[in-house]
1. Give me the Debye-computed log₁₀ of I(q)/I(0) at q = 0.22 Å⁻¹ for the range 159-240, equal point scatterers on Cα only, no solvent, two decimals.
2. Using amide H atoms built 1.01 Å from N in the peptide plane, name the residues 5+ places from residue 173, or on other chains, whose amide H lies under 5 Å from its own.
3. Please give, to one decimal in nm, the separation of the simple spin-label points placed at residue 36 and residue 81, each 7 Å out from Cα toward the Cβ.
4. Find which of 218, 235, 196 sits farthest along the positive direction of the dipole of the range 171-257, computed with +1 on the beta-carbon of Lys and Arg, -1 on that of Asp and Glu, about the Cα centre.
5. Compute the length gained on full extension between residue 119 and residue 256: take 0.36 nm times their separation in residues and subtract their Cα-Cα distance, giving the result in nm to one decimal.
6. Taking the mean number of other Cβ atoms within 10 Å as a proxy for protection, how do you rank 32-40, 216-224, 203-211 from highest to lowest?
7. Over the Cα atoms of the range 26-98, what radius of gyration and what Dmax do you get, in Å?
8. Each residue of the range 96-109 in order: what ³J(HN,Hα) in whole Hz does its phi give by Karplus 6.51 cos²θ - 1.76 cosθ + 1.60, θ = phi - 60°, with x for Gly and Pro?
Amino acid sequence: MAQTITRPSRSREPVTGTALSSRKKRSFLADLYSTAVGKKYAMAISGIALMGFVFFHMLGNLKMYLGAAEINSYAEFLKKLLYPLAPKGAVLWIFRGGLLAMLVLHLHAAWSLTVMNRQARPVKYQSPRDYEVANFASRTMRYSGMIVASFLTWHLLDLTFGVVNTVGAEGTFVRAEVYENIVRSLSRWPVAAFYILANLLLGIHLRHGAWSIFQSLGWNNPRFNAWRWTFATAFAAIVVVGNVSFPIAVLLGIVKV
């Protein structure tokens, strides 16, 4: 007697409505950011925004050498951007919010890439020679980044909110008196030393980051490597020299109240 052979059905179970709705809700940008390539793009774009801020922030602070009136009026100008079309200080806070978002995105992308790399290679490199292809900057990016983030927190508490500006110093914090606040802050040796150290680490971070941006965006043709390296080195050097000059000038009495 012939037996009827029942073949397993190849038809798949219908996809649940929950799975379909979750797929539909996920946007293209969210899908892209979930990949290593997307995270590298996010790091590059947020890095460009942060580099622009660091450069123009340093450039504006150079007005300190022109005297109190110049840098105080510059700070007032920033508060009046698009005023009276927008309330006084509103545009400046929008910029600050955008920069904070770029910083959070930059840090999250860096952390996510680190996690993905560890998951891809759960076993650590066994030989110290494996590190020869990476330079000091690339190996210490996460550490220099954490110190720079700590410096940024101190910087905001020091010169934006004034919480720590008068600790161990004479005088009171008045937000409009930018020149006086800078001099009072950087007159303290520990603070000045921290500013110098943080900016040196920022330079290392910027140099490697400016170089890596082109690679993350796919612009890493060997023909352009020479000018890429020149740009990264020059950009980092300009920012570091400018920023480090401020505490040195205050300590030497070149800039004083």
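1. These q points yield log10 I(q)/I(0) values of -0.93.
2. The answer is none.
3. With each label placed 7 Å out from Cα toward Cβ, I get 3.7 nm.
4. Selected residue: 218.
5. Numbers: separation 137, 0.36 × 137 = 49.32 nm, distance 5.29 nm.
Difference between extended and current length: 44.0 nm.
6. 203-211, 32-40, 216-224
7. Taking only Cα atoms of the range 26-98, I get Rg and Dmax of 17.5, 53 Å.
8. 4, x, x, 5, 5, 4, 5, 5, 4, 4, 4, 5, 5, 5
Where a number appears in this text, it was derived from the coordinates with a stated rule and is not lab data. This one's a predicted model, so the numbers in the text were calculated from it and none came from an experiment. Heads up, the Cβs are rebuilt from the backbone with ideal geometry, glycines too, and the neighbour counts pull from every protein chain shown.
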